[in-house]
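Right, one structure below, let's go through it.
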Amino acid sequence: MTVTATAIVADADSERPDPARRPTAVAGVRRARVLPWGLVLAVAVVALVVLWALIPGVFAPGDPLTGTPADKLLPPSAAHWFGTDTLGRDLFGRVVHGAVHSLSGALIAVTVGLALGTLVGAIAGALGGVVDDVLMRLVDVLLAIPGLLLSLSVIILLGFGTVNAAIAVGLGSVAAFARLMRAEVARVRRSEYVEAAYGSGGTFVSVLRRHVLPNSLTPIVALAALQFGTAILAISTLGFLGYGAPPPTPEWGLLIAEGRNYVGTAWWLTALPGLVVVLVVLSANRISHRLGRSTS
């Protein structure tokens, strides 16, 4: 059998890896090995703040409500990481002990919005027709009212305090959860496996419970993470305006409000608690973005 030189060269070229593909494959491996440092940092920030809320005495021992008047308005140092306030209280300790108020308030707000919003959205998407039209018009009314104005209106009815502020913020987020849940339920209802479940003898309630609702909740998780950061910001805003926890509670918004008269002489009273709020909100938004990408 005679084998030509051209055939040998062709076989060798076919077995040789394509140099045009090699950089792409290597780049893909490198991208797979690169850690999402932004997400890791966001999780670390949220985890640290959660530990502040659970075991504040480990990070800041001492009473956050008492201080030494002789040490008032000291700048940040090794002894006082965030400086001291006008009464000589350690600001870092007050921020740490205030995490439980801000995080618990945000958790209550997200729970209220998640529970009521998903209930309204599930009923509207599952039943459709007149019920859907009526519930969605109510949701449109809620969306037309600015969130801060709605929260202030609810607080006026319920009274001041962190829990009441959290409930007010949660009621303001009901519309967002309801619209998303209604859209997801309506989308899943048109799926082939849901029609197959009805065809196999499933009742409306059983199909809704076993197939529609479980497959509609994944985007809600990402929205809940996003609303957690938004709730912290909203509760801090209400605390700054004086509608949240009363003094001397070390709530983050109230801490920022107490230092606003000393911005020129003691910048750390507002800047450092505000920086903590910003970091926590951005971290929660980063985690929410990652959850949204993984569920899409």
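The values are calculated or read from the model by the stated rules, or taken from the named source; none is laboratory data. A quick note: this is a predicted structure, and the numbers were derived from the prediction, not measured. No Cβ is skipped: glycine too gets one built from the backbone with ideal geometry, and neighbour counts run over all protein chains shown. Just the protein is used for accessible areas: all its heavy atoms, side chains included, with ligands, DNA and RNA removed. Shrake-Rupley method; radii C 1.70, N 1.55, O 1.52, S 1.80 Å.
Structural remarks
- Taking ILE123, ILE155, ILE108 as the candidate residues, the one with maximal mean-square fluctuation in a Gaussian network model of the chain, Cα springs under 10 Å, is ILE123.
- 14 Å beta-carbon shell around ALA176, net charge (K/R +1, D/E -1): 0
- Gyration tensor over the Cα atoms of the stretch 190-258: the corresponding equivalent ellipsoid has semi-axes (square roots of 5 times the eigenvalues, largest first) of 47, 11, 7 Å.
- Tilt relative to the chain, helix 22-33 - C-alpha long axis, 0 to 90 degrees, to 10: 30 degrees
- The residues of the chain have, on average, 55 Å² of accessible surface per residue, using a 1.4 Å probe with all protein chains present.
- Between helix 5-15 and the chain: long-axis angle, C-alpha atoms, 0 to 90°, nearest 10: 30 degrees
- Computed helical MRE - 222 nm, the chain, DSSP H runs ≥ 4 contributing -39500 (n - 2.57), nearest 500: -23000 deg cm²/dmol
- In Hz, Karplus ³J(HN,Hα) per residue of the stretch 128-135 (6.51, -1.76, 1.60; θ = phi - 60°; x = Gly, Pro): x, x, 5, 4, 4, 5, 5, 5
- Computed from Cα positions, the angle between helix 37-54 and the longest principal axis of the chain comes to roughly 40 degrees.
- Computed 3J(HN,Hα) for the stretch 139-150, one whole-Hz value per residue from the Karplus formula 6.51 cos²θ - 1.76 cosθ + 1.60 where θ = phi - 60°, is 5, 5, 5, 5, 5, 6, 8, x, x, 5, 5, 5, glycine and proline marked x.
- Top of ALA245, ALA47, ALA79 by mean-square fluctuation, Gaussian network on the chain, Cα under 10 Å: ALA79
- Net charge over other residues, Cβ less than 15 angstrom from the Cβ of ASP85 (K, R count +1; D, E count -1): -1
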